[in-house]
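Single-structure report; data block below.
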Amino acid sequence: MKIWTITNQKGGAGKTVLATNLAVEGSKAGLKTLLIDLDPQLSATKWWEARDIETPLLIRCLYNQLIENLDSAKQQGFDLVIIDTAGREGLKHTEAIEKATFAIIPCQPSLDDCRSALPTVDVIKNAKTPFAFVITRCPVSGDDLQEAKNSLSAIGLVCNTPTIERKCYKRAYADNLGVSEYDSDDKGAGEIKAIFDWINAKESRLENSQLNKEVG
Ligand SMILES: Nc1ncnc2c1ncn2[C@@H]1O[C@H](COP(=O)(O)OP(=O)(O)OP(=O)(O)O)[C@@H](O)[C@H]1O
Ligand SMILES: [Mg+2]
């Protein structure tokens, strides 16, 4: 079972928008997908409760229930668990980072945002969890994307597709949908699919190289 923890202690980095959209994408890809809402703000829960569509499933979860819920998800045959975490609570969700098969750090393309992600990176590196940045809310033009890629790639992997600042993300979220459910032709839908596929491929490659190391 894959566990993707979406984490950045910087508030408003785009965690919940990315978590909900990746979970919708996981379901679309035919994976039995569970979204775990570990944020006491319950943003993902409110989004999910107002949905008419059954997938992905969601559970809200207290910090001390995480391990039990992950065990139960495994027993129930989930392929993919995506954990949305709280920004402003510091790093109370360290366990979600330790248990993740891959950690994803959404980060807006500014110097301040890149710097603010560093304490989160430290925790992930301590936990030895593979991770990557996904640049979020990127202006459609200008140098911000390249500058952020340059500074973040010195720290870790950076997903080659960012999310661009688009109305469809806000509108889809307000309608309790993923962007692909809101408008499958919108460029945002293509971005989410590309990000999902990139993380999947990266994780599989890491698993294979780990396997090769163990065999070799
Ligand atoms: N690509 C995007 N284009 C436009 N708006 C976006 C995009 N990604 C996120 N947003 C908007 O940015 C705001 C913050 O996003 P989000 O709630 O996902 O951040 P967060 O990291 O979960 O915040 P918190 O730390 O409070 O949990 C929201 O208003 C959301 O709709
Ligand atoms: Mg959030």
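Quick check, is Ala174 surrounded by 17 or more Cβ atoms within 10 Å (Cβ to Cβ) and either aliphatic (A, V, I, L, M) or over 26 Å from Leu57 (Cβ atoms) (or both)? First the steps, then the outcome.
Working: surrounded by 17 or more Cβ atoms within 10 Å (Cβ to Cβ): no; either aliphatic (A, V, I, L, M) or over 26 Å from Leu57 (Cβ atoms) (or both): yes.
Considered against the rule, which asks whether it is surrounded by 17 or more Cβ atoms within 10 Å (Cβ to Cβ) and either aliphatic (A, V, I, L, M) or over 26 Å from Leu57 (Cβ atoms) (or both), Ala174 comes out as no.
Entry remark, the range 157-216: residues being of a type in the set (A, V, I, L, M, F, W, C) and within 16 Å of ligand 2 (Cβ to nearest atom) number 2 in total.
State yes or no: is Ile124 crowded, with 20+ Cβ neighbours inside 10 Å, touching a residue at least 12 places away in the same chain (Cβ under 8 Å), assigned to a strand (DSSP E or B) and touching a Phe, Trp or Tyr at 6+ places or on another chain (Cβ under 8 Å)?
On the way: crowded, with 20+ Cβ neighbours inside 10 Å: yes; touching a residue at least 12 places away in the same chain (Cβ under 8 Å): yes; assigned to a strand (DSSP E or B): no; touching a Phe, Trp or Tyr at 6+ places or on another chain (Cβ under 8 Å): yes.
Criteria not met by Ile124.
Of the residues making up the range 12-50, those that are touching a residue at least 24 places away in the same chain (Cβ under 8 Å), surrounded by 16 or more Cβ atoms within 10 Å (Cβ to Cβ) and within 16 Å of ligand 1 (Cβ to nearest atom) number 22. Looking at the range 25-60 only, could you name the residues that are assigned to a helix (DSSP H, G or I) and within 16 Å of ligand 2 (Cβ to nearest atom)? Hits for the range 25-60 are Ser43, Ala44, Thr45, Lys46, Trp47, Trp48, Glu49.
Considering only the range 69-90, I want to know if a residue exists there that is farther than 22 Å from Pro130 by Cβ, acidic (Asp, Glu) and away from ligand 1 (no atom under 14 Å from the Cβ). For the range 69-90, residues farther than 22 Å from Pro130 by Cβ, acidic (Asp, Glu) and away from ligand 1 (no atom under 14 Å from the Cβ): absent.
Being over 18 Å from Gly14 (Cα atoms) and either in contact (Cβ under 8 Å) with a residue 24 or more places away in the chain or assigned to a helix (DSSP H, G or I) (or both) narrows it down to one residue among Ile104, Ile97, Ile67; which is it? Steps first, please.
On the way: Ile104 fails: over 18 Å from Gly14 (Cα atoms); Ile97 fails: over 18 Å from Gly14 (Cα atoms).
Exactly one of Ile104, Ile97, Ile67 is over 18 Å from Gly14 (Cα atoms) and either in contact (Cβ under 8 Å) with a residue 24 or more places away in the chain or assigned to a helix (DSSP H, G or I) (or both), namely Ile67.
Taking the criterion of being free of Cβ contacts under 8 Å to residues at least 12 places away in the same chain, closer than 12 Å to Glu25 by Cβ and surrounded by fewer than 22 Cβ atoms within 10 Å (Cβ to Cβ), would at least one residue in the range 148-170 satisfy it? Break it down into steps so the answer makes sense when it comes.
As a first pass, look at the range 148-170 and keep what is free of Cβ contacts under 8 Å to residues at least 12 places away in the same chain: 150, 153-154, 167, 170.
Okay, now just the ones that are also closer than 12 Å to Glu25 by Cβ, so none.
Within the range 148-170, not a single residue is free of Cβ contacts under 8 Å to residues at least 12 places away in the same chain, closer than 12 Å to Glu25 by Cβ and surrounded by fewer than 22 Cβ atoms within 10 Å (Cβ to Cβ).
Residues considered: Ile67, Ile6, Ile105. Of these, the only one that is crowded, with 22+ Cβ neighbours inside 10 Å, hydrophobic (A, V, I, L, M, F, W, C), more than 11 Å from ligand 2 (Cβ to nearest atom) and at pLDDT 95 or above is Ile105.
Out of all the residues in the range 78-90, is one or more within 15 Å of ligand 2 (Cβ to nearest atom), closer than 19 Å to Leu177 by Cβ, touching a Phe, Trp or Tyr at 6+ places or on another chain (Cβ under 8 Å) and not in a loop (DSSP other than H, G, I, E, B)? If you could, list the steps in order and put the result at the bottom.
Going through the range 78-90, the residues within 15 Å of ligand 2 (Cβ to nearest atom) turn out to be 82-90.
Adding the requirement that they be closer than 19 Å to Leu177 by Cβ leaves 82, 84.
Subsequent filtering for residues that are touching a Phe, Trp or Tyr at 6+ places or on another chain (Cβ under 8 Å) retains 82.
Next cut, not in a loop (DSSP other than H, G, I, E, B) only: 82.
For the range 78-90, residues within 15 Å of ligand 2 (Cβ to nearest atom), closer than 19 Å to Leu177 by Cβ, touching a Phe, Trp or Tyr at 6+ places or on another chain (Cβ under 8 Å) and not in a loop (DSSP other than H, G, I, E, B): present.
Being crowded, with 18+ Cβ neighbours inside 10 Å, farther than 24 Å from Ala201 by Cβ and not aliphatic (A, V, I, L, M) is a property that Ser116 has.
The values are calculated or read from the model by the stated rules, or taken from the named source; none is laboratory data. Worth saying up front: this structure is predicted, and the values here are computed from it rather than measured. We place every Cβ from the backbone using ideal geometry, glycine too, and count neighbours over all the protein chains shown.
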